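Enquirer: There's a structure below that I have some questions on.
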Amino acid sequence: MRFDHRHLLGIEPLRPDEIVTLLDLSDQYVAFNRRRDKHAKALAGLTQINMFFENSTRTQASFELAGKRLGADVMNMSMQASSIKKGETLIDTAMTLNAMHPDLLVVRHPHSGAVDLLAQKVNCAVLNAGDGRHEHPTQALLDALTIRRAKGRLHRLTVAICGDIAHSRVARSNILLLHKMENRIRLVGPPTLMPAGIAGFGAEICDDMREGLRDADVVMMLRLQRERMDGGFIPSEREYYHRYGLDAEKLSYAREDAIVMHPGPMNRGVEIDGTLADDINRSVIQDQVEMGVAVRMAVMDVLARNLRARPAEVMA
Ligand code: NCD
């Protein structure tokens, strides 16, 4: 198995064969997680610290469970209550934690690039759990695993990524991954929610949902990220739902066997119809959550193997 990276900061530096390696190992962890006894030792003796500077439900919970199932000592830093509130900088906090010799640092931060910066300052493996609008690599990997399991392949599929592309690190990491694996990508949404420089993304752009969904194998919906908007990006939520919200009628333009995805948290009745989101014949949203734990186990497992392969840092 070859995975020559010290950190997982994004999808950008990964080769297609490395993505396949991670997904193959994730498949094994999916089976493992369905067992009653879920204790493994891949991270035994290692310390994992989760630092979330932004709210999170699924990502934080799944990183915590993944670490515990692999035998790590896991600590969740409550960033709301940390010295950041007293004016300590991100780097000072990281250096303080670094002095406690963690092996894996899982970081979510509202600023794009903050996690890369931090990785340069510490001597453990750093995992990006989402930085601003930049990347969310484990989300793209869990989405890829969900797609591969549902469709039986991860290439030559038509994937429509719909909604608030501009503010979404999930979209960015997914576009990078799906492009590397040679899929056809359509970005669907209002022009105000398309990021600058979109022409270089290697995707088709569409501002009409029905047209964008036509013959799609995968329909990936995104949350309208109100907290990252500083102006009038959309007329009203009602109008948005009317034009871009996914319901059964709009979905009928996609392939008959198309799957519906959403990274969560969902705004029911804004970007997606609640009944459709719960329809287990179309929606794989709960599968995405299940895949999330397995993918995070696989990523931490390979990074830990690389850590163990390096000579231990000599202590003074
Ligand atoms: C996403 C995130 O935080 O980037 N959620 C997640 O990780 N499951 C998407 C979102 O917040 O809309």
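Enquirer: Considering only the other residues whose Cβ falls under 13 Å of the Cβ of MET266, what net charge follows from Lys and Arg at +1 and Asp and Glu at -1?
Expert: Neighbour charge sum, excluding MET266 itself: -1.
Enquirer: Taking the highest mean first, how do the peptides 144-151, 167-174 order by number of other beta carbon atoms within 10 angstrom per residue?
Expert: 167-174, 144-151
Enquirer: Please report the relative contact order for segment 66-218, taking Cα pairs under 8 Å with a sequence separation of at least 6, and give it as a percent rounded to a whole number.
Expert: For segment 66-218, the relative contact order is 16 percent.
Enquirer: What number of lysine-lysine pairs in the chain show an alpha-carbon separation below 23 angstrom, given a sequence spacing of 8 or more or placement on distinct chains?
Expert: 6
Enquirer: Right, next: Using DSSP to define loop residues, name the trypsin sites (Lys or Arg not before Pro) in segment 200-271 whose beta-carbon has at most 16 other beta-carbon atoms within 10 Å.
Expert: ARG214, ARG255
Enquirer: If you count, for each residue, the other Cβ atoms within 10 Å and average over each peptide, how do 280-289, 65-74 line up from highest to lowest?
Expert: 65-74, 280-289
Enquirer: Now a separate question. Just ILE175, ILE234, ILE185 to compare: in a GNM of the chain, with alpha carbon springs under 10 Å, which one fluctuates most?
Expert: Sorting by GNM fluctuation, first place goes to ILE234.
Enquirer: If you line up the long axis of helix 137-151 against the longest principal axis of the chain, both from Cα atoms, how many degrees apart are they, to the nearest 10?
Expert: 50
Enquirer: Can you compute 3J(HN,Hα) from phi for each residue in segment 153-170, using the Karplus curve 6.51 cos²θ - 1.76 cosθ + 1.60 with θ = phi - 60°, rounded to whole Hz and x for Gly and Pro?
Expert: Whole-Hz 3J(HN,Hα) from phi for segment 153-170: 7, 10, 9, 6, 10, 9, 10, 9, 9, 10, x, 7, 5, 4, 9, 9, 6, 5.
Enquirer: Once you keep just the Cα pairs under 8 angstrom separated by 6 or more residues, what percentage relative contact order results for the chain?
Expert: Relative CO of the chain lands at 20 percent.
Enquirer: Turning to a different aspect of this structure: Collect residues whose amide H, placed 1.01 Å from N in the peptide plane, falls under 5 Å from the amide H of ILE205; neighbours closer than 5 in sequence don't count.
Expert: Amide H neighbours of ILE205, under 5 Å, 5+ apart: LEU187.
Enquirer: Name the longest site-free stretch of the chain, where the excluded sites are GluC sites (Glu not before Pro) in a DSSP loop with no more than 14 other beta-carbon atoms within 10 Å.
Expert: Within the chain, the longest run free of exposed GluC sites (Glu not before Pro) spans 89-181.
Enquirer: With contacts defined as alpha carbon pairs under 8 Å and 6 or more residues apart, what's the relative contact order of segment 49-134 in percent?
Expert: Over segment 49-134, the number comes to 32 percent.
Enquirer: Express the Stokes-Einstein translational diffusion coefficient of segment 228-316 in µm² s⁻¹, to the nearest whole number, given a Kirkwood radius over alpha-carbon pairs, 37 °C and a viscosity of 0.692 mPa s.
Expert: Answer from the Stokes-Einstein relation: 198 µm²/s.
The numbers here are math on the coordinates, done by the rules we state, and not lab data. Not measured: the values here are computed from a predicted model. With ideal geometry, Cβ positions are generated from the backbone for all residues, glycine too; neighbour counts draw on all protein chains shown.
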